[in-house]
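The structure appears below as structure tokens.
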Amino acid sequence: MSWEKSGKEGSLLRWYDIMEAEKYEYTVGPAGEQFFNGLKQSKIVGSKCSKCGRIYVPARSYCEHCFVKIENYVEINKDEAYVDSYTIIYNDDEGNKLAQPVYIVLIRFPNVEGGLLCYAEGNVKVGAKAKIMNFQWPLRVKVD
Ligand SMILES: [Zn+2]
């Protein structure tokens, strides 16, 4: 990134250049750390807003409805995961047809905001129960 900027000091400045995003490392933050540490123990960890009671997965630090900081973490019942939506990938990055199509599903949990993208196998359809087979990131689920 260059330091070439436009605008007036003291107001919003803009930098023009290409950001080499792949060269940076980002931390997952306190809520992300809770979530990923949970996965290591085969748990799905969400965060619960103390004001409105909403639960978010993956855990996040602020409630987007109340704008308050969230510091309560809760374990989500992973047995209640279901397929919210999905997509099927037929080609690789270069356009070559894959030997087997790849299913990517968004799983959600009842009364929980947010969801998790996972690789899926089985009879993938919207609303179907999803069993988490592997807690390595990205998760893998089997759909009944
Ligand atoms: Zn809230």
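The values are calculated or read from the model by the stated rules, or taken from the named source; none is laboratory data. Please read these numbers as outputs of a predicted model, since none were measured by experiment. Neighbour counts are summed over all protein chains in view; Cβ atoms, including those assigned to glycine, are modelled from backbone coordinates with ideal geometry. Quick note on the areas: whole protein, heavy atoms, side chains included, nothing else; ligands and nucleic acids left out. Shrake-Rupley method; radii C 1.70, N 1.55, O 1.52, S 1.80 Å.
Here is the size of the chain from its Cα atoms: Rg then Dmax, 19.4, 59 Å.
Share of carbon and sulfur in the accessible area of the chain stands at 50%, probe radius 1.4 Å. In this label model, T27 and D84 are separated by 2.8 nm, measuring between points 7 Å along each Cα→Cβ vector. Estimated from helices alone, the mean residue ellipticity of the chain at 222 nm is -2500 deg cm²/dmol (sum of -39500 (n - 2.57) over DSSP H runs with n ≥ 4, per residue). Angle between the Cα long axis of helix 29-40 and the longest principal axis of the chain, 0 to 90 degrees, nearest 10? It works out to around 20 degrees.
Amide H contacts of I70 (H built 1.01 Å from N, in plane; Pro and chain starts excluded): Y62, C63 sit under 5 Å, all sequence-distant by 5 or more or on other chains.
Counting only heavy atoms of protein chains, what accessible area per residue, in Å², does region 73-144 have with a probe of 1.4 Å? Kindly include the intermediate steps, with their values, before the conclusion.
Details: 4680 Å² over 72 residues.
With the other protein chains kept in place, region 73-144 gives 65 Å² per residue.
Taking the DSSP bridge list for the chain and keeping only pairs wholly inside it, about 80 percent are antiparallel. Spin-label pair F36-D93: with each label point 7 Å from Cα along the Cα-Cβ axis, the two points sit 2.1 nm from one another. Defining a contact as two alpha carbons under 8 Å apart and six or more residues distant in sequence, what relative contact order in percent does region 48-144 show? This gives 25 percent for region 48-144.
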